[in-house]
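The structure appears below as structure tokens.
The values are calculated or read from the model by the stated rules, or taken from the named source; none is laboratory data. Keep in mind that this is a model prediction, so the values were computed, not measured. Because the Cβ atoms are built from the backbone with ideal geometry, glycine has one as well, and the counts that use them run over all protein chains shown. Calculation scope for accessible area: heavy atoms of the full protein, side chains included, ligands and nucleic acids excluded. Shrake-Rupley method; radii C 1.70, N 1.55, O 1.52, S 1.80 Å.
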Amino acid sequence: LKDGEKVRVRFYGVDAPEKKQEYGIKSLDVLKKMIDGKIVEVKEKDKDQYGRVVGEVFYEGKNLNLYMIETGNAWWYKQYSKDNLEFAAAQEKAKLEGLGLWKEKNPTPPWEFRRKNKK
């Protein structure tokens, strides 16, 4: 990516709750507070089926993909990052500590929510 280029990024290894889903707006707000209007670094991993950049996003050296999982604001998207043990461990810790969406007993993963709500 070029310096200063505006681009939509799909966070690698992360799946956040949908807006209409429990905790969806809260998750989005957490991310917005951290990066809205700021310049971030994106380490591109891939392109998705729609041509969007899939990458890890960093702000002031902090991996925001990992942060969203650590704080219980998103799920580790195991299907697309099977070997990411750091993400796996972060999710387990957030779950054990009941952080964010893990305050609920059995939160519905976004991929299940999307499947159930397809028309």
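Contact map, the range 49-60: first residue closer than 14 Å to residue 31 by Cβ, second residue open to solvent by less than 90 Å² (accessible area, probe 1.4 Å) and of a type in the set (Lys, Arg), Cβ cut-off under 7 Å, separation 6 or more or different chains; pairs are 59/38. Among the residues of the range 67-115, those identified as within 15 Å of residue 18 (Cα to Cα) and in contact with a Ser or Thr (Cβ under 8 Å, 6 or more places away or on another chain) are 68, 73, 74, 100, 101. Here residue 65 meets the list (1) in contact with a Gly (Cβ under 9 Å, 6 or more places away or on another chain); (2) more than 19 Å from residue 111 (Cβ to Cβ); (3) touching a residue at least 24 places away in the same chain (Cβ under 8 Å); (4) not aliphatic (A, V, I, L, M) almost entirely, failing just condition (2).
Give the number of residues within the range 36-51 that are closer than 24 Å to residue 112 by Cα, in a loop (DSSP other than H, G, I, E, B) and open to solvent by 90 Å² or more (accessible area, probe 1.4 Å). Walk me through how you get there before you give the answer.
Keep residues of the range 36-51 that are closer than 24 Å to residue 112 by Cα, which gives 46-51.
Subset that is in a loop (DSSP other than H, G, I, E, B): 48-51.
Adding the requirement that they be open to solvent by 90 Å² or more (accessible area, probe 1.4 Å) leaves 49-50.
Counting residues in the range 36-51 that are closer than 24 Å to residue 112 by Cα, in a loop (DSSP other than H, G, I, E, B) and open to solvent by 90 Å² or more (accessible area, probe 1.4 Å) gives 2.
Between 26, 33, the distinction of being in contact (Cβ under 8 Å) with a residue 12 or more places away in the chain, of a type in the set (Lys, Arg) and either within 25 Å of residue 93 (Cα to Cα) or open to solvent by less than 30 Å² (accessible area, probe 1.4 Å) (or both) belongs to 26 only.
Cβ-Cβ under 6 Å, sequence separation 6+ or interchain: first residue in the range 103-116 and assigned to a helix (DSSP H, G or I), partner charged (D, E, K, R) and surrounded by 10 or more Cβ atoms within 10 Å (Cβ to Cβ). Which pairs? Pairs that qualify, where the first residue is assigned to a helix (DSSP H, G or I) and the partner is charged (D, E, K, R) and surrounded by 10 or more Cβ atoms within 10 Å (Cβ to Cβ), are 110/15; 110/18; 113/18.
Candidates in the range 58-87 are the residues that are of a type in the set (A, V, I, L, M, F, W, C) and in contact with a strand residue (DSSP E or B) (Cβ under 6 Å, 6 or more places away or on another chain); of these, the one that is most open to solvent (accessible area, probe 1.4 Å) is 58. Restricting the range 1-19 to residues that are in contact (Cβ under 8 Å) with a residue 40 or more places away in the chain and part of a loop (DSSP other than H, G, I, E, B) leaves a set whose member that is nearest to residue 89 (Cα to Cα) is 13.
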